Structures are given as structure tokens and as C-alpha cells.
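Student: Shown below is the structure under consideration.
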Amino acid sequence: MPSLGIIERSESMARSYKLLCSVRASKRFSRIRRDGWETCTEAVSFDALPRHQETCVTMHANSLLLVLRGENFSSMSNFYKFLYNHLLPPLFRMQEHISWFIWIPILGDVVRIKQRAIDYLQLQKGDKVLVYSIGSGFEAKLILDRVGREGSIIGVDFSEGMLKLAQEMVDRNNWSNVKLVMADVREYDPLKDVNHKFDAALSNFGYLDKMVLYNLVNAVKAGGMIAISGPQPLKGIRKIFYPITFVPEMIFGLTWRTLHKFPMYIDILRNELTNIHIDERTFAKYFVAVSGRRK
């Protein structure tokens with residue numbers, strides 16, 4: 001059985017989004033193959049896999065359901081892998097249709113702050129760019145438009161499901177200068193993977209901790225640019241907006257503790273970089289992009 005904390009968090013997320021929840025066995029649901037995921041328009045059934053018995057995930061255009069029953073997540077790490085490998089990729093696929101939702105407050109802010117973070121890298125033709133938590137590859141086209149075929153991208157992410165979406169984009173556009181690496185950014189050493197330092201590095205709403213951030217900084221050559229973006233704690237009267245800023249992001253695994261670590265990451269960049277620029281031009285100053293030049 002899953003830990004009580006994981007179940008409570010999942011149920012809390014479901015209540016926050018008023019998701020339609022159901023656990024039922026039915027032949028009309030597609031079965032999952034042992035060698036890969038089999039999907040259908042109505043649902044995905046996981047009950048053919050060991051340790052994932054009697055679990056159904058129902059996906060609709062306007063709702064995402066997660067009900068845990070009989071799950072055996074040995075750690076929060078496994079929970080996040082399940083979340084990003086199997087539940088969230090359909091949502092991130094919508095990034096291919098930005099015009100559908102860029103006008104929506106907060107959602108549009110996410111897209112725009114990501115785009116501005118890339119702008120702050122001041123990329124040039126031929127630049128080599130490292131992207132942590134590249135996910136479904138949203139940033140790839142924006143970066144390649146700037147670095148051209150002479151430049152290159154190494155994109156790292158722990159989620160096989162998200163990288164499948166990114167690889168589809170790479171194959172569709174015949175990008176030979178994009179390398180996708182499935183790895184945990186906490187363990188990945190970019191300088192062991194390639195024999196050069198990078199001209200720029202980016203983490204857009206990706207996983208961060210002290211070690212990960214220092215590795216990102218150290219992978220960039222002197223004078224190169226670094227940018228990170230993500231949510232930060234609200235201050236003063238703006239705290240009243242947590243229900244429409246922080247709460248929706250819980251579906252992506254954001255926790256209260258993680259949210260309140262972002263100011264520490266900004267302080268690290270202040271110490272490690274020059275020409276620091278902080279962009280808070282988002283709703284309630286909730287999303288922020290921080291950039292600077294490597295000393």
C-alpha cells in the first residue's frame with residue numbers, strides 16, 4: 001500500500017481541481033502491456049502490472065484524474081516518475097498549441113516567462129546550450145531559432161514519458177543538433193557527458209536544489225549566460241492569490257517547501273553570476289525569471 005502521505009497529497013490535489021474520481025474494472029478499458037503503455041481515448045488501466053493493481057487513470061479533455069488504490073510507491077521519487085511518465089504528458093502536449101491558452105491569466109504568464117528566460121540568455125549562432133528538465137521540448141524550437149544549425153542543445157530530463165514527446169518534436173523537425181538525455185539532474189554531470197563547457201544553460205520550471213544549481217552554473221564557460229525560472233513565494237497582500245497560483249501547481253508536484261526554496265536559488269545566482277536580472281512581470285509576481293553572466 002502507498003504511504004498515507006502520498007495518498008493524502010493525491011486526494012488533496014484531486015479535491016483542489018474537483019476531478020471526477022472513480023475506480024472500477026471494465027473490459028472497455030485498454031489493458032496495459034508489460035512491455036509498454038497502451039492507451040485509449042477513455043482511460044488507461046494499470047491493473048495488468050505488478051504493484052499497480054486495481055488502479056485506473058481516467059483522462060478527459062478538461063480533467064485529469066488520479067485515484068490511488070493498491071499502489072506501492074516506495075518513495076516520493078517513484079511517485080513523481082509515475083506522475084510525469086504517465087499522467088502529465090498529455091497536458092504538456094498542449095504546449096504545441098500555445099495560442100489556445102496563452103490568453104488565459106497565469107497560464108499565459110508561464111509561457112511568457114519561459115520565453116523571456118530564453119531571451120535573457122542572449123544566444124548567438126553556434127552557441128551550445130544545456131537545458132535541465134527539458135520535459136516535452138517546448139524550449140527547443142525557441143533556442144534553435146537563435147543558435148541555428150551551427151549550435152546545439154543537450155536536454156536532460158528524468159521522465160521517459162516527457163522525453164518521448166520531446167523526441168517526437170526532434171524527429172518531426174529533423175533536428176540533428178539536439179541530444180536528449182534521460183537522467184536525474186541530481187546525478188547527471190554534463191561535463192562528463194560532453195568534452196566542452198556550454199555557452200548558456202537554462203532551467204525553466206525544472207527541478208532545482210543547491211547541488212543541481214551549482215552543477216548548472218559550473219557547466220557554463222566564463223562569460224556564458226545562465227537563466228532559471230519558476231514560482232516564488234508571494235509577499236504581503238499578494239498572498240491572497242495562493243489558491244489560484246500555488247494550488248493549481250500541486251498537480252505538477254509542487255510542494256510548499258519547494259516553493260519557499262526559490263529565494264535561496266536566487267541568492268546563489270547573485271553570488272555566482274554578474275549582471276543579474278530578475279524579471280517578476282507576472283501575475284502577483286508569482287513567476288520569476290533570473291538570469292546572469294558566469295564570472
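Student: Based on the mean of other Cβ atoms within 10 Å per residue, sort peptides 152-163, 226-237 so the most packed one is first.
Tutor: 152-163, 226-237
Student: Now for a different question. Once fully extended, how much extra length lies between GLU160 and LYS125, figured as 0.36 nm per residue of separation less the alpha-carbon to alpha-carbon distance?
Tutor: So the chain would gain 9.6 nm between GLU160 and LYS125.
Student: Pairs LYS141/LYS285; LYS114/LYS285; LYS141/LYS192; LYS81/LYS179: which are spaced more than 19 Å apart, C-alpha to C-alpha?
Tutor: LYS141/LYS285; LYS141/LYS192; LYS81/LYS179
Bear in mind that the values in this text are calculations on the coordinates, not laboratory data. Keep in mind the model is a prediction, meaning the values are calculated, not measured. All Cβ positions, even for glycine, are placed from backbone atoms using ideal geometry, and neighbour counts span all protein chains on display.
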